[in-house]
Amino acid sequence: MNYIELFAGCGGLSLGLESINCSNMVMANELSPMPAQTFAYNFFKEDFEEKDILPKRTKWLSSNFSLDEMSKRMREDPRTYPELNIKDSVCDVKDINSLKGNLVVANVIHLNQFLNDSPDLVKKLSNSFGDGELDFVSGGPPCQSFSMAGMRKKDCDKNSLPWEFASFVAKVRPKFTILENVTGILRAFQEEGEKYYAWIEVSKAFSQIGYIPLCLHVNAKYAGIPQNRPRFIMIGVRDDIYQKLSKSFNKSEKELFSSSYAFYNGVRHGIESEIAKLKYHDVVNSADIELFKNSFLSELVSHSENFVSVSCAIDDLRFNGDKSKPSEYITTNYDALLGKVYKKPTKLFNHEERRNGELVQRRFRLYQIMQRIGNSLAKEVRSILKGTSSDLSDVAWSAFSEHDYLIEDGSYLKFNTKTQFIDFLLRHPTKKQTQKALDPSSPAPAALSIPDDACHYHHDELRTLTVREMARIQSFPDSFVFRSKVTTGGQMRRFEVPQYTQVGNAVPPLLGRALGLSLKNLLKRI
């Protein structure tokens, strides 16, 4: 399978696709130099931090700094990339053939402009530099404006990126496209009393360039990833390819595409009644999941009846636990991703323990207990921590009195009275309402991109997760090394993408593999 990946990040989707032996990366693109550093290190064995050794397979389309100034490039704000072909713009692409199989660090708008000025490159990408027709273009455009945790603005610069994705696809004309985004794209924007559905507008854009949009609401945990990570996926099928494939569709596949094809025809011919028929298929819907199971999408729901827990993924990484060998889940899936028998690296990278203050550790122990007791009674404790209450019901006290707590002198103590416990809570106020401990018996929550998102579940591990533990939860093998800064803060958050964020933003490799196998199934039929 010949593919191009846009918005590649650190390479989670590419790792999953590369695990399918018949895949061939024609080109990749990423905006930020930090995840690009991780991508290049793992896929090209290029180390940007080695002195006097310049990258050969990582090309900047536009930078303020020369190749000899790599340290400055690695801290460059992508928002300051100069326009193409101006005096102070540094471009590494001197020969379009040098892009074959390589990573382009660039704003996707600049990349589209570059293609507009280089029809020869468009032809080379379309035929995979002579290796055959381009099979698909994949990518997850940044999604802050669609996210339910974001600002939810309809008219935002970041909202234009799915349309830039469509513009790229219109040029190179692959057989398929895969667009991944947050589920917030499915929620309507409410502006001036009108509803605006971004996923429908994106589907229109792809229909207008000749692709039937199959819209899916999937969840990484259904594909065997130990994370409750819902995502919107749109698989676009080029019209002529759809006509060939439709002859092979079984009953479930015909139903999957029925509303999509009606919508496509409605957009192409201006029939509003047909446009209104578009639906997305949701793995949490019992009828839809049967369609997944009985179609080319079956890999996306291979673990629908046996979700993988956090403890299965990271328990052997505890600093105060048994490190003898990874769980069977880890080794089995790593074998699939790496295509060989998994061997634990001689050195475990990205697993440095983050030192949390004593007060924070005491709060983490409290979060662990709150997680075990359950949300209804934990709300009473949160109210005291937040400062909106100073009392606790007898029912809540009965539940919390059963556990031991880390106190100021470093020892553990069970409180004898409700008053003692409330006094302890009042000494540990916090405004953070989203931070919580992981549930060891369930998949992790979706929002894991900064160190403070969650703390460990184990009594003896009063800390946030390491980068490696977060990577395990995302299904990255231990041999995949994350580069650049570990974390960042303040104004730097606006453009820096450190290790924790690289992991949190990535497409889980096992989900990428499942998507790749789904397309491989279709490609075999034609």
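Structure data summary
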{"quantity": "Whichever residue in the range 111-142 is polar (S, T, N, Q) and assigned to a loop (DSSP other than H, G, I, E, B) and, among such residues, is nearest to ASN85 (Cα to Cα)", "calculated": "SER118"}
{"quantity": "Residue list for the range 13-28, restricted to those being buried (at least 24 other Cβ atoms within 10 Å of the Cβ) and modelled with pLDDT of 95 or more", "calculated": "VAL26, MET27, ALA28"}
{"quantity": "Search result, residues across the range 488-520 that are assigned to a helix (DSSP H, G or I) and within 14 Å of LEU17 (Cβ to Cβ)", "calculated": "PRO509, LEU510, LEU511, GLY512, ARG513, ALA514, LEU515, GLY516, LEU517, SER518, LEU519, LYS520"}
{"quantity": "Leading residue by the ranking (surrounded by the most Cβ atoms within 10 Å (Cβ to Cβ)) among those in the range 487-526 that are among the hydrophobic types (A, V, I, L, M, F, W, C) and farther than 19 Å from GLY139 by Cβ", "calculated": "PHE495"}
{"quantity": "Breaking point among (1) modelled with pLDDT of 95 or more; (2) over 14 Å from the mean Cα position of the chain (by Cα); (3) farther than 21 Å from LYS56 by Cβ, for LEU6", "calculated": "(2)"}
{"quantity": "Single condition PHE296 does not satisfy, out of (1) over 20 Å from LEU17 (Cα atoms); (2) touching a helix residue (DSSP H, G or I) at 6+ places or on another chain (Cβ under 6 Å)", "calculated": "(1)"}
{"quantity": "Looking only at the range 379-398, and only at residues there that are part of a helix (DSSP H, G or I), more than 35 Å from the chain's Cα centre (by Cα) and small (Gly, Ala, Ser), the one that is farthest from TYR367 (Cα to Cα)", "calculated": "SER398"}
{"quantity": "Elements of type helices (runs of 4 or more DSSP H) in the range 255-366, at least 1 residues being over 28 Å from the mean Cα position of the chain (by Cα)", "calculated": "272-275"}
{"quantity": "Some residue of the range 420-437 being touching a residue at least 12 places away in the same chain (Cβ under 8 Å), touching a Lys or Arg at 6+ places or on another chain (Cβ under 7 Å), among the hydroxyl-bearing types (Ser, Thr, Tyr) and in a loop (DSSP other than H, G, I, E, B)", "calculated": "yes"}
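Matching residues to (1) modelled with pLDDT of 95 or more; (2) more than 19 Å from the chain's Cα centre (by Cα); (3) closer than 30 Å to ALA336 by Cα; (4) surrounded by 21 or more Cβ atoms within 10 Å (Cβ to Cβ):
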site: VAL137; (1), (2), (3), (4): yes, no, yes, yes
site: TRP163; (1), (2), (3), (4): no, yes, no, no
site: ASN181; (1), (2), (3), (4): no, no, yes, yes
site: PHE232; (1), (2), (3), (4): yes, no, yes, yes
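The values are calculated or read from the model by the stated rules, or taken from the named source; none is laboratory data. Source: prediction; values computed, not measured. Positions of Cβ are backbone-derived with ideal geometry, glycine not excepted, and every protein chain shown enters the neighbour counts.
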